[in-house]
Amino acid sequence: MEILNVQHLTKVYGKGENQVNALKDVSFTLEQGEFAAVVGESGSGKSTLLNCLGALDTPTSGHICIAGKDLFSMKEEQRTIFRRRNIGFVFQSFQLIAELNVEENIMFPILLDYRKPELSAVNEILEVLGLKERRHHLPNQLSGGQQQRVAIGRALITRPKLILADEPTGNLDSKNSQDVVDLLVKASRLYQQTILMITHNNNLTVSADRVLRVSDGVLTDWGGRKNEKLS
Ligand code: ADP
Ligand code: ADP
């Protein structure tokens, strides 16, 4: 099943002399459960791409369909709810809430959605992430790698169809980086989630099903499957 369908995505920042064409006619699709790495030089448009896919930024033109729904034909309120339920985010700076402990941080998106978290789901995630013994710890009592695992747990708890990770290993050493990527791979297999991960680390792209290469706003390679054409 196709989870992500991006067609002719364009993003322009600024006007006149200050105009930056951050994304130029980007098209690709991703299937359910695929793990895609996004690579490219600094300033090539990787974050802009992820921000548009997550509706954190608005495309100038083009279409983004997630699980068959056109993200930007929804009303803003609808889009916020859709995003909360269908997209998980992981950032370089873990962005945990300092006052909440591990399990509270993980449950947070469910509470935001005015739903009651199922303890079994929280326990399963703590188990998968190897954080069971840390459930009552606060973020500042955890290592960077552990904090990022909590952030991944928070992205997984709603079982989103799509996970967007912007350099999730940027602040981690190589061992912790590999662990974090292994967890993302595990999630994409276990829960059949589609993952897009920006990384500068070539060692980490090996784990990906496909590598999307962005150069000066253009998607130059998307590791497309055989017999597939960009439209
Ligand atoms: P990275 O290269 O690590 O992806 P950047 O430092 O280029 O990150 O950008 C981080 C964020 O800052 C981007 O997601 C973007 O939204 C914002 N940003 C980048 N460049 C500019 C700019 N020229 N003006 C305003 N915001 C910017
Ligand atoms: P990357 O993530 O690959 O480092 P970005 O997507 O952050 O690249 O940036 C792509 C281009 O768009 C850069 O030239 C950057 O300066 C520009 N840019 C990004 N965000 C903004 C913004 N909010 N305002 C103006 N320019 C931006």
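Every number in this text was worked out from the coordinates using simple rules, so none of it is lab data. Small disclaimer: the values here were computed from a predicted structure and weren't measured. With ideal geometry, Cβ positions are generated from the backbone for all residues, glycine too; neighbour counts draw on all protein chains shown.
Could you tell me the distance between the Cα centroids of the stretch 162-228 and the stretch 93-149, to the nearest Å?
Taking the Cα centre of the stretch 93-149 as reference, the centre of the stretch 162-228 is 23 Å away.
Using amide H atoms built 1.01 Å from N in the peptide plane, name the residues 5+ places from I195, or on other chains, whose amide H lies under 5 Å from its own.
E34, F35, A36, I163
Rank by packing, highest mean first: peptides 122-134, 138-150, 69-81, with packing defined as the count of other Cβ atoms within 10 Å averaged across residues. Before the final figure, lay out the partial values.
On the way: 122-134: 16.5, 138-150: 18.5, 69-81: 12.7.
By packing density, highest mean first, the sequence is 138-150, 122-134, 69-81.
Need one number for the stretch 95-231: average projected area of the convex hull over its C-alpha atoms, nm².
Working: hull surface 39.8 nm².
Averaged projected area of the stretch 95-231's Cα convex hull equals 10.0 nm².
If you take the C-alpha gyration tensor of the stretch 44-131, multiply each eigenvalue by 5 and take the square root, what semi-axes do you get, largest first, in whole Å? Each step should come with its number before you reach the end.
Values: eigenvalues 156, 53, 27 Å².
So the equivalent ellipsoid measures 28, 16, 12 Å along its semi-axes.
Based on the Cα atoms of the stretch 12-59, what semi-axes does the equivalent ellipsoid have, where each is the square root of 5 times one gyration tensor eigenvalue, given in whole Å with the largest first?
Working: eigenvalues 109, 29, 17 Å².
Listed largest to smallest, the semi-axes of the stretch 12-59 are 23, 12, 9 Å.
Have a look at S27, L49, A67 and report the one farthest towards the positive end of the charge dipole of the chain, computed about the Cα centre with Cβ charges (Lys/Arg +1, Asp/Glu -1).
Final value for the positive-end residue is A67.
If you place +1 on the Cβ of every Lys and Arg and -1 on the Cβ of every Asp and Glu, how big does the dipole about the Cα centre of the chain come out, in debye to the nearest 20? Write out the running numbers ahead of the final one.
Details: 27 positive and 27 negative charges, 85 e Å.
Rounded to the nearest 20 debye, it is 400 debye.
Can you give me the Kirkwood hydrodynamic radius for the chain, using every pair of distinct Cα atoms, in Å to one decimal?
Numbers: mean 1/r = 0.0553 Å⁻¹.
Hydrodynamic radius (Kirkwood, Cα only) of the chain equals 18.1 Å.
Stretch S207-D25 to full length: gain in nm at 0.36 nm per residue minus the Cα-Cα span?
Numbers: separation 182, 0.36 × 182 = 65.52 nm, distance 2.72 nm.
Residue separation times 0.36 nm, minus the Cα-Cα distance, leaves 62.8 nm.
On a 23 Å Cα-Cα criterion, which of the cross-link pairs K161/K186; K132/K186; K69/K161; K116/K161; K46/K75 come out too long? Could you put the intermediate results ahead of the total?
Details: K161/K186 14 Å; K132/K186 17 Å; K69/K161 12 Å; K116/K161 20 Å; K46/K75 26 Å.
From the list (K161/K186; K132/K186; K69/K161; K116/K161; K46/K75), the Cα-Cα distance tops 23 Å for K46/K75.
May I ask you to derive the FRET efficiency for L56 and S120 from their Cβ-Cβ distance with R0 = 25 Å, giving the value to the nearest 0.05?
On the way: r = 31 Å, r/R0 = 1.24.
Taking R0 as 25 Å, the efficiency between L56 and S120 is 0.20.
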